[in-house]
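Visitor: The structure that follows is given in the form of structure tokens.
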Amino acid sequence: MQKNSQLWRWLAIVFFLSFAALGWLGREIYLDKPPIPQQIVSSTGQILYTGEQIQRGQQAWLSAGGQQMGSVWGHGSYVAPDWSADWLHREVLALRNIWAQQQYKKDYAQLNREEQAPIDVRVISVMRTNTYDAARDTVTIQAERAEAMAQVAQHYESLFGTDPAQDKLREQYAMIAGSIKDADDLKALPAFFFWSAWAAATNRPGENHLSYTSNWPHEPLVQNTPTTGTSLWSIASIILLIGGIAAMVLFHNMQRTEEPAVCPEKDPLITLQLTPSMKATFKYFYVVIGLLLAQVGMGIISAHYQVEGGSFFGIPLAEALPFTVSRTIHTQLGVLWIATAWLATGLFLAPVLGGKEPKFQKLGTDALFYALLLIVVGSIATGWIGTMQRLGSDYSFWLGNQGLEYTSMGRVWQILLFVGLLIWATLLGRGLWPALRKPSESQGLIAMVFISAVCIGLFYASSLVWGQKTHYAMIEYWRWWLVHLWVEGFFEVFATAVIALLMSRLGLIRAASANRAIVLETIVFLFGGILGTLHHLYFTGSPTSVIAVGAMFSALEVVPLALIAAEAYHTYRHTQAAPWVEKYRWSIMCFVAVGFWNTVGAGLLGFAINPPIALYYVQGLNMTAAHGHAALFGVYGMLGIGLMLFCLRGLAPAAKWNDGLLKPAFWSMNIGLFMMVFMSLLPAGIYQAAASVEHGLWYARSAEIIHSSVMETLVWLRVPGDIVFAVGVLYLALFAIRLLGRDRSQTVVVGEPAKA
């Protein structure tokens, strides 16, 4: 008990110190973010853009799809360009041609190398010199550069407008004509793109060869190359990773080996009585499967748009379901169905762990279900309406699609979801309260479940921090609080604690051992995970200290994953502990899959892109998509499915349980995911990475590369994996359908065959 108390104190220290450091670095990002000048003027005195136009352009881009339609500073989707890199390259080409015409009456490409060289030097000097005057809050632009900017702006106004000359490019980018309908928004859009490119190339005040985005993206034409710190901190992070893994292995081997738990002869949960609120969670899991099916469908459509930007096998589907909508739904549902599975598991287990059913618990469970259903359906419907009708930035922000990856639903829906999560945490807490007050071997595990649930509810508030006019660098800072800390942080702690509780209740592991292990694992995870959030923010207008801290702590995130494979093996051995454990085989096998994908998806593929020097070249490429698919579904998705199957084992009639359907479902989903990642996404990312290193990010994300024969072949190679994966999901759905058709009012106990 004394050791456990010490671990809890260390957990509290790590938690508060890590968040203090994250908050302090957030303050540094706020202070050092690229300025939004009141005016951008030419050397002739002409006002080119205003600060209000830059902010309006940001809102216009987000309302048109935002991070579902290309990316800015590397964050977003991968079919359309990264607009920061694209603007920067187009502006350089235009400026070189203007000067070539002035001096030689020829295009730049027609000049010999001796004639091109002084123009190249002049371009670098002009693009990297910071002309921001803080006293006047103004950026001054040379007249020739202003002319180049006008040419690039015209390109974007045509592209996001309805100019028929851009139809082919729009199809390649999977865009629809008239993405932005309002004329003033269309005029403001180039202001935001210019500003994001200006911040990417212009030196920070007092710095030499260091832009606001630490020289990201790679653009040799303006000498945007990795900084010294980017390289050195990458080397340091790799050294720390190796040392951390060695220390973890040594610590693991030094621990006194405890006697394994003695597996009971019978299922310990065989006498567990279902309460009304436990039965009420049954419908949650059918929504989980329905959302999973919808996500798979949207994923298939979104992937195909990479080949046919406006059609689906010749069907003009984009007229009703454009890429921005299908990808928004795909990413949003991925988070929602996984979260729903975990929320339902918590509600199912609360009376089990607490020992009794709180008053009105079923009413709360039912009300929360319909509230969550309203949020899911409502957010998708209003997002689709806003995109199709081009209802503008106010509608998009409050009701439609905010244009932010994984956090796209409108603010009204976010507020409702926040309230729903607080209600869920309250329902869970009141169910667990008797167990929290009663000393027991499992008390620490139950406390961890409760604390993580409270954090899940409270930390979703980070989605409510930014507003319509919030600086883009700060939007990214807070967005990753939600995506990384909420989804990858506290939800994972919650699910890990729930798994440990399940295993201890089944008698497969000792409760005392699980108590210590979970607290220790949480300490190790949060120690690297909280500040590891910063690896998403290396190049989003943040100071170089973010690169240093993010590189080191994101390496520490990977350290505990080194032993996950061994943990997965020990989890698999539980399936052979006793004959009755076979009832939970596929739930346990899902937990084994979580261990595998934690090592491969989160560990290997995650660290492949985490070091600053790696992310410098591959941010915004399919390397990130490979990691995202393997980690999101492989780890969190399989975890959700495993928890769902455990709950369904108790909720459904045993006579209708069919392991013959679960076996192909499990293997098809995992094999299909493996094929999808390693036959398509990862090779595509490597191919793009080579183009990024050699020519620059603009080229890796250009239509020339995205629609090259190699890339389109790799997209088609995703089809076999998609089919195998989809078959697995269909088997899972068929399994769930076969559980229906019986009056569930009859008491059913976990692990006991239903009576005829």
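The values are calculated or read from the model by the stated rules, or taken from the named source; none is laboratory data. The structure presented is a predicted model; accordingly, all values stated were derived computationally and were not measured. Cβ coordinates were reconstructed from backbone atoms using ideal geometry, including for glycine residues, and neighbour counts include every protein chain displayed. Calculation scope for accessible area: heavy atoms of the full protein, side chains included, ligands and nucleic acids excluded. Shrake-Rupley method; radii C 1.70, N 1.55, O 1.52, S 1.80 Å.
Visitor: Considering only residues that are of a type in the set (S, T, N, Q) and assigned to a loop (DSSP other than H, G, I, E, B), look in the stretch 124-162 and name the one that is most open to solvent (accessible area, probe 1.4 Å). Reasoning before the result, please.
Guide: Going through the stretch 124-162, the residues of a type in the set (S, T, N, Q) turn out to be 125, 129-131, 138, 140, 142, 151, 154, 158, 162.
Checking which are assigned to a loop (DSSP other than H, G, I, E, B) leaves us with 129-131, 142, 162.
Values: THR129: 68, ASN130: 44, THR131: 54, GLN142: 77, THR162: 101 Å².
Restricting to residues being of a type in the set (S, T, N, Q) and assigned to a loop (DSSP other than H, G, I, E, B), the top hit is THR162.
Visitor: Sticking with this one: Any idea which residue in the stretch 338-374 is least open to solvent (accessible area, probe 1.4 Å), counting only those that are under 25 Å from the mean Cα position of the chain (by Cα) and polar (S, T, N, Q)?
Guide: By that ranking, first place goes to THR345.
Visitor: Go through (1) open to solvent by 10 Å² or more (accessible area, probe 1.4 Å); (2) among the hydrophobic types (A, V, I, L, M, F, W, C); (3) at pLDDT 95 or above for ILE176 and report which single condition fails.
Guide: Result: ILE176 passes all but (3).
Visitor: Let me ask another. Looking at the stretch 313-337, which of its residues are in contact (Cβ under 8 Å) with a residue 12 or more places away in the chain, of a type in the set (Gly, Ala, Ser) and open to solvent by 10 Å² or more (accessible area, probe 1.4 Å)?
Guide: Those that are in contact (Cβ under 8 Å) with a residue 12 or more places away in the chain, of a type in the set (Gly, Ala, Ser) and open to solvent by 10 Å² or more (accessible area, probe 1.4 Å): ALA318, ALA320.
Visitor: Say whether the condition of being surrounded by 20 or more Cβ atoms within 10 Å (Cβ to Cβ), hydroxyl-bearing (Ser, Thr, Tyr) and under 21 Å from VAL483 (Cα atoms) is met by at least one residue in the stretch 631-642. Don't jump to the end; show me each part of the working.
Guide: Kept after step one, since they are surrounded by 20 or more Cβ atoms within 10 Å (Cβ to Cβ), are these residues of the stretch 631-642: 631-642.
If we keep only those that are hydroxyl-bearing (Ser, Thr, Tyr) too, we end up with 636.
Okay, now just the ones that are also under 21 Å from VAL483 (Cα atoms), so 636.
The answer is yes; a qualifying residue exists.
Visitor: While we're looking at this one, here's another question. Looking at the stretch 89-110, I want the residues that are on the phi > 0 side of the Ramachandran plot and at pLDDT below 95 and have a partner that is of a type in the set (Asp, Glu) and assigned to a helix (DSSP H, G or I) with Cβ atoms under 9 Å, at least 6 apart or on another chain. Which pairs are those?
Guide: Between residues of the stretch 89-110 that are on the phi > 0 side of the Ramachandran plot and at pLDDT below 95 and residues that are of a type in the set (Asp, Glu) and assigned to a helix (DSSP H, G or I), there is no close pair.
Visitor: Condition first: closer than 30 Å to LEU269 by Cα, open to solvent by 30 Å² or more (accessible area, probe 1.4 Å), of a type outside the set (Lys, Arg) and free of Cβ contacts under 8 Å to residues at least 40 places away in the same chain. Can you find one or more residues in the stretch 518-531 that meet it?
Guide: As a first pass, look at the stretch 518-531 and keep what is closer than 30 Å to LEU269 by Cα: 518-522.
Checking which are open to solvent by 30 Å² or more (accessible area, probe 1.4 Å) leaves us with 520-521.
Okay, now just the ones that are also of a type outside the set (Lys, Arg), so 520-521.
Applying the additional criterion that residues be free of Cβ contacts under 8 Å to residues at least 40 places away in the same chain yields 521.
Yes, the stretch 518-531 contains at least one residue that is closer than 30 Å to LEU269 by Cα, open to solvent by 30 Å² or more (accessible area, probe 1.4 Å), of a type outside the set (Lys, Arg) and free of Cβ contacts under 8 Å to residues at least 40 places away in the same chain.
Visitor: In this structure, does ASN253 turn out to be open to solvent by 60 Å² or more (accessible area, probe 1.4 Å), more than 30 Å from GLY640 (Cα to Cα) and not in a loop (DSSP other than H, G, I, E, B)? Even if it seems obvious, please write down each step before you answer.
Guide: Details: open to solvent by 60 Å² or more (accessible area, probe 1.4 Å): yes; more than 30 Å from GLY640 (Cα to Cα): yes; not in a loop (DSSP other than H, G, I, E, B): yes.
Criteria met by ASN253.
Visitor: Sticking with this structure for a sec: Only one of (1) open to solvent by 60 Å² or more (accessible area, probe 1.4 Å); (2) assigned to a helix (DSSP H, G or I) fails for THR44. Which number is that?
Guide: Result: THR44 passes all but (2).
Visitor: Quick one: is TRP597 part of a helix (DSSP H, G or I), under 21 Å from THR496 (Cα atoms) and of a type in the set (A, V, I, L, M, F, W, C)? Don't jump to the end; show me each part of the working.
Guide: Working: part of a helix (DSSP H, G or I): yes; under 21 Å from THR496 (Cα atoms): yes; of a type in the set (A, V, I, L, M, F, W, C): yes.
Here the answer is yes, as TRP597 does meet what is asked.
Visitor: Within the stretch 1-41, which residues are outside any helix (DSSP H, G or I), open to solvent by 60 Å² or more (accessible area, probe 1.4 Å) and either in contact with a Pro (Cβ under 8 Å, 6 or more places away or on another chain) or within 26 Å of VAL549 (Cα to Cα) (or both)?
Guide: Matches in the stretch 1-41: none.
Visitor: Assess whether TRP198 counts as being within 30 Å of PHE323 (Cα to Cα) and either part of a loop (DSSP other than H, G, I, E, B) or more than 29 Å from the chain's Cα centre (by Cα) (or both).
Guide: Numbers: within 30 Å of PHE323 (Cα to Cα): yes; either part of a loop (DSSP other than H, G, I, E, B) or more than 29 Å from the chain's Cα centre (by Cα) (or both): no.
No: the conditions fail for TRP198.
Visitor: Quick one: LEU221 ticks every box in (1) of a type in the set (A, V, I, L, M, F, W, C); (2) in contact with a His (Cβ under 9 Å, 6 or more places away or on another chain); (3) open to solvent by 60 Å² or more (accessible area, probe 1.4 Å) bar one, so which box is it?
Guide: (3)
Visitor: Could we say that ARG390 is free of Cβ contacts under 8 Å to residues at least 60 places away in the same chain, under 28 Å from GLY620 (Cα atoms), surrounded by fewer than 20 Cβ atoms within 10 Å (Cβ to Cβ) and out of contact with any Pro (no Cβ under 8 Å at 6 or more places or on another chain) here?
Guide: Working: free of Cβ contacts under 8 Å to residues at least 60 places away in the same chain: no; under 28 Å from GLY620 (Cα atoms): yes; surrounded by fewer than 20 Cβ atoms within 10 Å (Cβ to Cβ): yes; out of contact with any Pro (no Cβ under 8 Å at 6 or more places or on another chain): yes.
No, not satisfied.
Visitor: Only one of SER462, SER504, SER545 is surrounded by fewer than 23 Cβ atoms within 10 Å (Cβ to Cβ), assigned to a helix (DSSP H, G or I) and touching an Asp or Glu at 6+ places or on another chain (Cβ under 7 Å); which?
Guide: Values: SER462 fails: touching an Asp or Glu at 6+ places or on another chain (Cβ under 7 Å); SER504 fails: touching an Asp or Glu at 6+ places or on another chain (Cβ under 7 Å).
After applying the criteria, what remains is SER545.
Visitor: Go through the residues of the stretch 654-663 one by one and say whether even a single one is crowded, with 22+ Cβ neighbours inside 10 Å and either at pLDDT below 90 or not hydroxyl-bearing (Ser, Thr, Tyr) (or both).
Guide: So in the stretch 654-663, the residues crowded, with 22+ Cβ neighbours inside 10 Å come out as none.
No: the stretch 654-663 contains no residue that is crowded, with 22+ Cβ neighbours inside 10 Å and either at pLDDT below 90 or not hydroxyl-bearing (Ser, Thr, Tyr) (or both).
Visitor: So in the stretch 552-576, with the set limited to residues that are farther than 17 Å from TRP597 by Cβ and open to solvent by 30 Å² or more (accessible area, probe 1.4 Å), which one is modelled with the lowest pLDDT?
Guide: HIS574
Visitor: Considering only residues that are under 22 Å from LEU333 (Cβ atoms) and open to solvent by 60 Å² or more (accessible area, probe 1.4 Å), look in the stretch 400-433 and name the one that is nearest to the chain's Cα centre (by Cα).
Guide: Filtering the stretch 400-433 for residues under 22 Å from LEU333 (Cβ atoms) gives 400-421, 423-424.
Within this subset, residues satisfying the condition of being open to solvent by 60 Å² or more (accessible area, probe 1.4 Å) are 406, 415-416, 419, 423.
On the way: TYR406: 6, ILE415: 20, LEU416: 21, VAL419: 22, ILE423: 25 Å.
Once the filter is applied, the top-ranked residue is TYR406.
Visitor: Let me ask something additional. Could you list, in sequence order, all residues of the stretch 483-501 that are more than 23 Å from GLY76 (Cβ to Cβ), among the β-branched types (Val, Ile, Thr) and open to solvent by 10 Å² or more (accessible area, probe 1.4 Å)?
Guide: The answer is VAL493, THR496, ILE499.
Visitor: So how many residues does the stretch 666-697 have that are in a helix (DSSP H, G or I) and touching a strand residue (DSSP E or B) at 6+ places or on another chain (Cβ under 8 Å)?
Guide: Narrowing the stretch 666-697 to residues in a helix (DSSP H, G or I): 666-695, 697.
Pick out the ones that are also touching a strand residue (DSSP E or B) at 6+ places or on another chain (Cβ under 8 Å) and you get 697.
So the answer is 1.
Visitor: Sticking with this structure for a sec: If VAL594 meets every condition in (1) hydrophobic (A, V, I, L, M, F, W, C); (2) without any contact (Cβ under 8 Å) to a residue 60 or more places away in the chain; (3) over 27 Å from HIS75 (Cβ atoms) apart from one, which number is that one?
Guide: That leaves (3) as the condition not met.
Visitor: Based on this model, can you work out whether ILE456 counts as open to solvent by 40 Å² or more (accessible area, probe 1.4 Å), assigned to a helix (DSSP H, G or I) and among the β-branched types (Val, Ile, Thr)? Full working, then the answer.
Guide: Values: open to solvent by 40 Å² or more (accessible area, probe 1.4 Å): no; assigned to a helix (DSSP H, G or I): yes; among the β-branched types (Val, Ile, Thr): yes.
No; evaluated as a whole, the condition is false for this residue.
Visitor: Also, quick follow-up: List pairs: first residue in the stretch 728-741 and closer than 13 Å to TRP657 by Cβ and among the aromatic types (Phe, Trp, Tyr), second residue modelled with pLDDT of 95 or more and open to solvent by 10 Å² or more (accessible area, probe 1.4 Å) anywhere in the structure, Cβ distance under 6 angstrom, at least six positions apart or on different chains.
Guide: Here the result reads PHE735/LEU661, each pair linking the stretch 728-741 to a residue that is modelled with pLDDT of 95 or more and open to solvent by 10 Å² or more (accessible area, probe 1.4 Å).
Visitor: Within the stretch 264-312, how many residues turn out to be open to solvent by less than 50 Å² (accessible area, probe 1.4 Å), more than 26 Å from GLY728 (Cα to Cα) and among the β-branched types (Val, Ile, Thr)?
Guide: Within the stretch 264-312, residues that are open to solvent by less than 50 Å² (accessible area, probe 1.4 Å), more than 26 Å from GLY728 (Cα to Cα) and among the β-branched types (Val, Ile, Thr) number 1.
Visitor: One residue is enough: does the stretch 82-97 have a residue meeting the conditions more than 20 Å from THR202 (Cα to Cα) and either outside any helix (DSSP H, G or I) or open to solvent by less than 40 Å² (accessible area, probe 1.4 Å) (or both)?
Guide: Start the filter on the stretch 82-97 by keeping residues that are more than 20 Å from THR202 (Cα to Cα), which leaves 97.
Pick out the ones that are also either outside any helix (DSSP H, G or I) or open to solvent by less than 40 Å² (accessible area, probe 1.4 Å) (or both) and you get none.
Checked against the condition, which is being more than 20 Å from THR202 (Cα to Cα) and either outside any helix (DSSP H, G or I) or open to solvent by less than 40 Å² (accessible area, probe 1.4 Å) (or both), the stretch 82-97 yields no hits at all.
Visitor: Checking GLY290 against (1) at pLDDT 95 or above; (2) in contact with an Asp or Glu (Cβ under 7 Å, 6 or more places away or on another chain); (3) of a type in the set (Gly, Ala, Ser), which test does it fail?
Guide: For GLY290, the failing item is (2).
Visitor: Further question: Which residues, counting only those in the stretch 206-218, are under 25 Å from TYR617 (Cα atoms) and either part of a helix (DSSP H, G or I) or open to solvent by 10 Å² or more (accessible area, probe 1.4 Å) (or both)?
Guide: Within the stretch 206-218, GLU207, ASN208, HIS209, LEU210, HIS218 meet the criteria.
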